[in-house]
1. Any chance segment 173-195 includes a residue that's surrounded by 13 or more Cβ atoms within 10 Å (Cβ to Cβ) and closer than 23 Å to residue 38 by Cβ?
2. Within segment 75-111, track down each residue that is within 14 Å of residue 58 (Cβ to Cβ), touching a residue at least 40 places away in the same chain (Cβ under 8 Å) and assigned to a helix (DSSP H, G or I).
3. Quickly run through segment 131-165 and pick out the residues that are buried (at least 17 other Cβ atoms within 10 Å of the Cβ), out of contact with any helix residue (DSSP H, G or I) (no Cβ under 6 Å at 6 or more places or on another chain) and more than 20 Å from residue 201 (Cα to Cα).
4. Looking at segment 133-151, I want the residues that are outside any helix (DSSP H, G or I) and have a partner that is buried (at least 17 other Cβ atoms within 10 Å of the Cβ) with Cβ atoms under 6 Å, at least 6 apart or on another chain. Which pairs are those?
5. Considering (1) touching a strand residue (DSSP E or B) at 6+ places or on another chain (Cβ under 7 Å); (2) in the same structural domain as residue 29 (by TED's automatic domain parsing), say which one residue 107 fails and leave the rest.
């Protein structure tokens, strides 16, 4: 606890760039961080999201020090920053923290694999449903502030495709969308329309992290 530093995570802030050597890890509390894979021509697509269930910077304890992904704050909020040397020192003690980080890494890999499959085989409508559900879980609420352009960048698709998908969901009464503000009205239908992509990730995360809960001192107002 003495090594943790409470941090404001502003919308669009880049926590690390592709290829950067990492020195710190972040534990989001009420914010969401997107991990994006960056192509040589500058285009990018989201490979996973991290919220209050995990941490940003697994390369530090997996031995890689750097990664080809970029970490960007998708939803502003707060989190805790921990120096990488302190993380590795605790990880190397092979205690409960060590096992917890490995379980979280497995959950994150599952999310990445399912995201790749969803982006390859499912429509933009289904991708949007999966993305909304994963984001809402990490905010612990039914509302999200996010423009269609930003969502399109996360999914690696054209904005027009997201506009059509969001309009369809709104017509069906699944969401309410206005001026970058999204509210979930019918979560069961949203889960149904995401096919198995959300359910697989949620089930595996719950299985691996079911005992995880933040101590009361993490729940800062």
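1. There is no residue in segment 173-195 that is surrounded by 13 or more Cβ atoms within 10 Å (Cβ to Cβ) and closer than 23 Å to residue 38 by Cβ.
2. Answer for segment 75-111, where residues must be within 14 Å of residue 58 (Cβ to Cβ), touching a residue at least 40 places away in the same chain (Cβ under 8 Å) and assigned to a helix (DSSP H, G or I): 84, 87, 100, 101, 103, 104, 105, 106, 107, 108, 110, 111.
3. Applying the first criterion (buried (at least 17 other Cβ atoms within 10 Å of the Cβ)) to segment 131-165 yields 131-139, 144, 146, 148, 150-155, 157, 161-162, 165.
Next, only the ones that are out of contact with any helix residue (DSSP H, G or I) (no Cβ under 6 Å at 6 or more places or on another chain) stay: 131-132, 134-139, 146, 150, 153-154.
Result: 146, 150, 153.
4. Qualifying pairs under 6 Å: 142/184; 144/135; 144/182.
5. (1)
Conditions tested, residue by residue: (1) touching a helix residue (DSSP H, G or I) at 6+ places or on another chain (Cβ under 6 Å); (2) loosely packed, with under 13 Cβ neighbours inside 10 Å; (3) part of a strand (DSSP E or B); (4) without any contact (Cβ under 8 Å) to a residue 12 or more places away in the chain.
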| site | (1), (2), (3), (4) |
| --- | --- |
| 2 | no, yes, no, yes |
| 12 | no, yes, no, no |
| 18 | no, no, no, no |
| 22 | yes, no, no, no |
| 25 | yes, no, yes, no |
| 30 | no, no, no, no |
| 33 | no, no, yes, no |
| 36 | no, no, yes, no |
| 40 | no, yes, no, yes |
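The values are calculated or read from the model by the stated rules, or taken from the named source; none is laboratory data. Predicted model only: the values in this text are computed from it and were never measured. Neighbour counts run over all protein chains shown; Cβ positions are idealised from the backbone, glycine included.
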